[in-house]
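Worksheet: one structure, shown below.
The values are calculated or read from the model by the stated rules, or taken from the named source; none is laboratory data. These numbers were taken from a predicted model, which means no experiment stands behind them. With ideal geometry, Cβ positions are generated from the backbone for all residues, glycine too; neighbour counts draw on all protein chains shown. Just the protein is used for accessible areas: all its heavy atoms, side chains included, with ligands, DNA and RNA removed. Shrake-Rupley method; radii C 1.70, N 1.55, O 1.52, S 1.80 Å.
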Amino acid sequence: MRASHKKRLARLTAAVGRYDVLHLHFPPVLPVDARWLHLIRHRIPVVHTVHNLWPHRASRDASDRQRLRRLYHACHQLIAHTEDTVRGLIDEFGVPPERIARIPHGNFRQFWNQERASVPALDHPAEPTPTILMFGELRPSKGADVLLRAAATLRDRGVAFRVVLAGAPFAATQPIRDLTRELDLEDRVVFHLRYVEEEVVPSYFEAASVVALPYRTIDQSGVAIAALTMGRAIVATRIAGFTDLVEQGECGLLVPVDDVESLAAALERLLTDDGLRRRFERNARRYAETALAWEPIAECTIDAYRKAGVLWAACSRTPGNAGR
């Protein structure tokens with residue numbers, strides 16, 4: 001991976017003169033990307049969207065902390081989706097506040113008019129089953145084990161439901177399958193552990209009664225934004241961006257991290273209280289259409305580009321300061 005990534009960076013370096021701004025998102029090879037940015041920042045203004053203060057692949061040790069600090073300080077502007085990310089950039093990595101723009105993650109409005117693709121395993125037209133959807137990359141940090149234990153509690157309480165786990169696995173899946181068998185949930189859990197093409201994504205959310213986000217750690221989640229875009233109520237852990245979305249959008253319930261009983265109670269409440277769930281669904285879609293609309297986000301992003309250009313030009317004119 002590292003060798004192929006270096007080749008891509010070489011091609012990008014050769015082409016960088018065609019562009020006014022370099023906007024980056026996910027650093028796939030942190031040691032390489034941090035060094036490369038310190039070289040390329042002299043040639044073009046650099047903007048980086050920090051989706052997570054600590055990327056999924058980061059080890060959170062001293063070496064990766066130093067690499068991230070180097071990467072963040074190489075950028076002329078950083079875009080953060082949540083206040084938690086802003087505070088982390090300042091407090092943990094020493095980024096000057098004036099180099100950070102807080103801009104929300106926009107909605108997935110392309111889903112609204114997208115032709116629906118059929119997912120046969122989700123279709124039960126004769127007798128729809130209330131569906132708890134957990135969607136996206138399967139990682140230990142996302143708490144699928146907590147959801148399964150909560151599902152066992154719901155079953156024991158006589159609640160009708162099924163759980164759909166859908167998305168590409170980024171960790172061994174056998175422990176989750178083993179836990180499903182151990183909890184005797186095999187008739188309640190549907191596994192779609194593979195990459196889901198974008199044209200199929202809306203069908204999963206339309207099939208969902210509730211979207212579960214029992215994550216242990218994250219700054220902001222594209223899955224949560226997709227759920228709101230599709231007008232779905234969510235149950236999420238009280239962390240970072242989830243708290244902002246649920247409280248500001250009034251679109252779901254929040255529970256403590258790793259709290260099986262609270263997660264089960266929140267899911268049961270939304271699965272059995274149609275009025276509350278529908279109110280959250282309306283609020284979710286409204287919030288996605290307004291607070292997460294792309295027009296103001298685009299304006300804020302262009303402003304971040306302008307600020308990056310101003311700082312880049314100032315650094316270029318100041319001898320010995322271009323690398324700061």
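Quick notes
- Applying a threshold of 6 Å to beta carbon distances and a minimum spacing of six or more residues, or different chains, the list of pairs starting in segment 9-30 at a residue that is modelled with pLDDT under 90 and ending at one that is open to solvent by 40 Å² or more (accessible area, probe 1.4 Å) and not small (Gly, Ala, Ser) reads 29/2; 30/67.
- Hits in segment 129-156 - residues which are open to solvent by 30 Å² or more (accessible area, probe 1.4 Å), over 17 Å from residue 177 (Cα atoms) and under 23 Å from the mean Cα position of the chain (by Cα): none
- Taking the criterion of being open to solvent by less than 30 Å² (accessible area, probe 1.4 Å) and among the acidic types (Asp, Glu), the only residue of segment 44-86 that qualifies is 64.
- Residue match in segment 87-105 (condition: open to solvent by 40 Å² or more (accessible area, probe 1.4 Å), part of a strand (DSSP E or B) and within 26 Å of residue 20 (Cβ to Cβ)): yes
- A Cβ distance below 6 Å, combined with a sequence gap of six or more or placement on separate chains, defines the contacts here; from segment 46-75, residues that are over 17 Å from residue 219 (Cα atoms) reach residues that are open to solvent by less than 50 Å² (accessible area, probe 1.4 Å) and of a type in the set (D, E, K, R) in the pairs 74/41.
- Only one of the listed residues (20, 33) is over 26 Å from residue 244 (Cβ atoms) and either touching a His at 6+ places or on another chain (Cβ under 7 Å) or not in a loop (DSSP other than H, G, I, E, B) (or both). That residue is 33.
- Meets criteria (among the aliphatic types (A, V, I, L, M) and under 24 Å from the mean Cα position of the chain (by Cα)) for residue 16: no
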